[in-house]
Every structure is written in C-alpha cells, then in structure tokens.
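Derivation of every value follows stated rules applied to the coordinates shown; laboratory data play no part. Everything numeric here is computed off the predicted structure, so don't read it as measured data. Ideal geometry is used to build each Cβ from the backbone, glycine not excepted, and the neighbour counts take in all protein chains shown.
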Amino acid sequence: MTAQSCPRQHCATTMDSTALEPSLYTVKAVFILDNDGNRLLSKYYDLELYPSMKEQKNFEMNVFNKTHKADNEISFIEGMTIVYKSSIDLFFYVVGSAQENELMLMAVLNCLFESLNQMLRKNVEKRTLLDNMDGVFLVVDEIIDGGVILESDPQQVIEKVNYRADENPLSEQSVAQHITEKLALTSNVLQSAKEQIKWSILK
C-alpha cells in the first residue's frame with residue numbers, strides 16, 4: 001500500500017509505528033511554566049487542541065502536576081506525547097501527537113533550551129526570562145512556525161534573532177532591529193507604493 005493511497009488515520013492503525021511517515025506539523029504546543037505551574041509563555045499550533053484559554057491552562061496544570069516531580073523526560077498525557085526539562089525555577093514543555101517521534105520533539109526542546117541558555121548567558125531562570133520575553137518569543141518563532149520545525153541548531157537560531165553569544169542579553173534595540181529586518185521587504189514595497197501614489201497625485 002503506497003503512501004499516496006493510504007489515508008493517514010488508516011495507516012496509523014495498520015502499519016508499524018516505525019514505518020509511519022513523519023507529520024509535517026510536528027509540534028502541537030510549546031509552553032514554559034514556573035515552579036508553581038503558572039504560565040510564562042505558551043503557544044498552541046493546533047487550533048482544535050484546547051481552543052479556549054481555560055482548556056489550555058487546565059491542560060498545562062495537569063501536565064505540570066504529573067511531571068514536575070518526575071525524573072523522566074517524556075510523558076504521555078491526554079493522548080499527547082510530551083517532552084520536558086527543568087532549569088532552576090522553570091519547566092519547558094514541547095507537545096506532539098501520540099504518534100509523533102519523541103526524538104524530533106526532544107530536538108525541539110533541546111534547541112529551545114540551548115538557544116535561551118545562550119541568549120540569557122546561561123542564566124535560565126524566571127526573572128531573567130521575564131526580562132527578555134520579547135527575545136524568548138523570537139527564539140520560539142525561529143524554531144517553530146505553525147507547528148512546523150524550522151530549525152534545530154541553537155547557534156543558527158541565535159544568529160537569526162540577531163544575537164551573538166559574546167554580547168549582552170537581547171536588548172530592545174536588537175529585537176527591534178530583528179523585526180525591522182524581517183519586515184524590510186514589506187516596508188520597501190510599501191514605501192515604493194507610497195512614492196508612486198505621491199507622484200501620481202502631484203501629476
């Protein structure tokens with residue numbers, strides 16, 4: 001049976017899990033909690049998974065309660081594959097489907113942690129994280145876009161958020177510069193359009 005003629009759900013029930021072709025949309029959610037289980041950062045990429053804020057926070061608290069005292073790095077909760085790690089007073093979670101490859105999810109988790117570790121100059125704790133939240137969001141967005149894994153190399157992520165390891169933690173200026181660079185093409189097009197409109201009015 002070919003991949004083209006085999007519906008994904010049917011394949012999942014009839015084929016060995018090692019033979020499953022990986023899903024492009026690997027990551028369902030990413031969140032960072034403090035050591036009381038309170039949300040510091042959260043991004044859900046599957047709109048059908050816990051669509052309301054209340055459902056998301058209930059899920060996060062359930063995950064936290066079942067993992068924050070565990071020694072494992074992988075857990076299966078509410079039909080989801082969850083990989084996680086802690087640092088001082090923070091807990092990092094990456095969520096995938098039940099069929100997702102744990103190694104892929106772990107690669108995302110490790111990339112996220114190591115990228116933040118570099119950005120925050122090895123001071124990955126709650127206060128520093130909150131002080132650099134703009135940079136944290138940029139890091140997450142460079143690693144994952146709409147659930148698709150874009151990057152798993154921390155050094156590449158750091159370079160893409162316009163930060164070098166020998167500098168101070170991401171400043172507002174470098175965040176703004178990164179955003180400006182990302183929007184450069186759009187801005188140029190917009191400026192060109194404005195110029196054309198201006199000259200057409202002057203004529």
Spacing of the two label points (7 Å from each Cα toward its C-beta) at Leu40 and Ile77, in nm: 1.7 nm
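Inverting the mean 1/r over all pairs of different Cα atoms, compute the Kirkwood radius of segment 35-160 and quote it in Å.
14.9 Å
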